[in-house]
Amino acid sequence: MGRLDGKVAFCTASAQGIGRAAAEAFAREGAKVFATDINLEKLKELEGINGIEVRKLDVTKTEEVNALAAEIGTVDILFNCAGYVANGSVLETEEKEFDFSFDVNIKSMYRTMRAFLPKMIEAKKGSVVNMSSIVSSYKGAPNRAVYGASKAAVIGLTKCSAADFIKRNTIQLYLSGTIDSPSLRDRMKAMGDLDKAMASFLARQPTGRLGTTDEVANIAVFLGSDESSFITGSEFKVDGGWSN
Ligand code: NAD
């Protein structure tokens with residue numbers, strides 16, 4: 001028996017990192033999973049896994065989101081995982097990058113919720129799981145001003161939506177700490193010296209290590225399952241104690 005038997009899950013940004021680990025974990029627990037990403041080539045690595053269907057989706061395109069929602073119909077789990085990290089202070093982040101960050105990190109969630117929620121409300125069931133970050137209204141970090149602002153916006157959207165739909169659906173908020181994902185490695189390399197960058201990230205981890213994508217995916221399974229049915233709008237921090 002899987003913890004998500006009979007459920008349908010829709011996940012964004014599933015070609016790598018946390019989104020991929022979550023899509024795999026949902027499928028392992030018995031869900032039928034629509035795994036989506038802008039990078040179809042990489043996403044195709046998931047093809048052949050029992051229960052997973054892949055679809056190309058750019059979360060910044062409203063028509064693409066709406067078309068896919070119309071094709072798929074009612075889902076039980078909407079996992080909004082797409083995110084982009086703009087590196088720099090406000091002085092170093094151009095308006096174009098500000099707008100792009102907000103489009104990928106928060107407007108995408110507004111889009112998918114508008115596309116999928118009406119059918120979930122009609123069915124009187126289902127969980128929306130939105131990925132925010134400890135770097136938000138929770139904690140400041142250098143060179144993350146616009147990223148942190150967009151992830152704080154995720155907290156507002158999620159908590160207010162939880163209040164709006166509290167009688168029928170759970171809207172879950174999920175804050176991740178520093179997780180060893182491909183894009184985190186890329187950001188470390190971009191800092192010039194991978195070992196030095198890794199040491200600086202580890203120095204702020206009370207656990208002395210980074211989180212794994214599977215450790216985050218486990219919480220996504222819980223939040224998408226009926227086990228979390230009396231939890232809505234609460235923050236789930238998966239950060240190895242960084243924000244304590
Ligand atoms: P990642 O950055 O390694 O991968 C992101 C995925 O998003 C890629 O597969 C990419 O192709 C896809 N993507 C990018 N733009 C897209 C678009 N417009 N439409 C659809 N897909 C798109 O992933 P990650 O580091 O595991 O992060 C996943 C989420 O978790 C993000 O929202 C991120 O902000 C959040 N998060 C990550 C960390 C961390 O340390 N890794 C910490 C806190 C929060």
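Residue 27 sits among other residues whose Cβ lies under 14 Å from its own Cβ, and their net charge, with Lys and Arg +1 and Asp and Glu -1, is -3.
Helix 213-224 and the long axis of the chain differ in direction by around 40°, with both axes built from C-alpha atoms. Rg/Rh, computed from the Cα trace of the range 31-151 with Rh as the Kirkwood radius, has the value 1.01. Between the helical axis of 108-123 and the dominant principal axis of the chain, each derived from Cα atoms, what acute angle in degrees is found, rounded to the nearest 10? In the chain, helix 108-123 runs at an angle near 20 degrees to the longest axis.
Could you sort 93-104, 32-43 so that the peptide with the highest average Cβ count within 10 Å comes first and the rest follow in order?
Numbers: 93-104: 15.3, 32-43: 20.7.
So the peptides 93-104, 32-43, ranked by packing, come out 32-43, 93-104.
Local charge for residue 54 was computed over the other residues whose Cβ lies under 15 Å away, with Lys and Arg +1 and Asp and Glu -1, and equals -3. Which of the lysines could be linked to residue 125 by a straight reach, that is with a Cα gap under 21 Å, when you skip same-chain ones fewer than 8 residues away? Straight-line reach from residue 125, under 21 Å: 7, 32, 159, 167. Take the Cβ-Cβ distance between residue 98 and residue 49 as r, set R0 to 22 Å, and report the resulting FRET efficiency rounded to the nearest 0.05. So the FRET efficiency works out to roughly 0.05.
Provide the net charge surrounding residue 169, with neighbours chosen by a C-beta distance below 12 Å and charges set as Lys +1, Arg +1, Asp -1, Glu -1. Let's see the in-between values first.
Numbers: positive: 119, 124, 125, 167, 168; negative: 76, 122, 164.
Taking every Cβ under 12 Å from that of residue 169, the sum is +2.
Here the chain is assigned +1 on the Cβ of each Lys and Arg and -1 on the Cβ of each Asp and Glu. Its dipole about the Cα centre then comes out at about 480 debye. If a paramagnetic tag sat 7 Å from the Cα of residue 41 along the Cα-Cβ line, which residues of the range 1-27 would have the backbone N under 14 Å from that point? Taking a point 7 Å out along Cα→Cβ of residue 41, no residue of the range 1-27 has its backbone N under 14 Å. Taking amide H as placed 1.01 Å from N in the peptide plane, residue 237 has its amide H under 5 Å from the amide H of 175, each at least 5 places away in sequence or on another chain.
As a ratio to 2.2 N^0.38 Å, the alpha-carbon radius of gyration for the chain is 0.96. Could you calculate, for the range 114-218, the ratio of the Cα radius of gyration to the Kirkwood radius, expressed as Rg to Rh? Ratio of gyration radius to Kirkwood radius: 1.07. Full extension of the chain between residue 70 and residue 190 gives 39.2 nm of extra length, using 0.36 nm per residue less the Cα-Cα distance. To the nearest 10 degrees, how steep is helix 194-203 against the longest Cα principal axis of the chain, on a 0 to 90 scale? Taking the Cα atoms of the chain, the angle to 194-203 is about 80 degrees.
Over the chain, give the accessible area per residue in Å² for a 1.4 Å probe, as an integer.
Working: 11450 Å² over 244 residues.
With all protein chains present, the chain gives 47 Å² per residue.
Each part reduced to its alpha carbon centroid, the range 2-73 and the range 174-244 end up 21 Å apart.
For the pair residue 164 and residue 204, a Förster radius of 45 Å applied to the C-beta separation gives a FRET efficiency near 0.80, rounded to the nearest 0.05. Residue 151 sits with roughly 10 Å² accessible to a 1.4 Å probe, with DNA, RNA and ligands left out of the calculation. When each of the peptides 107-117, 194-204, 4-14 is scored by the mean number of other C-beta atoms lying within 10 Å of its residues, the order from highest to lowest reads 4-14, 107-117, 194-204. Helices in the chain, meaning DSSP H runs of at least 4 residues, each add -39500 (n - 2.57). Divided by all residues, the mean residue ellipticity at 222 nm is -13000 deg cm²/dmol.
The values are calculated or read from the model by the stated rules, or taken from the named source; none is laboratory data. Worth saying up front: this structure is predicted, and the values here are computed from it rather than measured. No Cβ is skipped: glycine too gets one built from the backbone with ideal geometry, and neighbour counts run over all protein chains shown. Heads up: the accessible areas ignore ligands, DNA and RNA and are worked out on the full protein's heavy atoms, side chains in. Shrake-Rupley method; radii C 1.70, N 1.55, O 1.52, S 1.80 Å.
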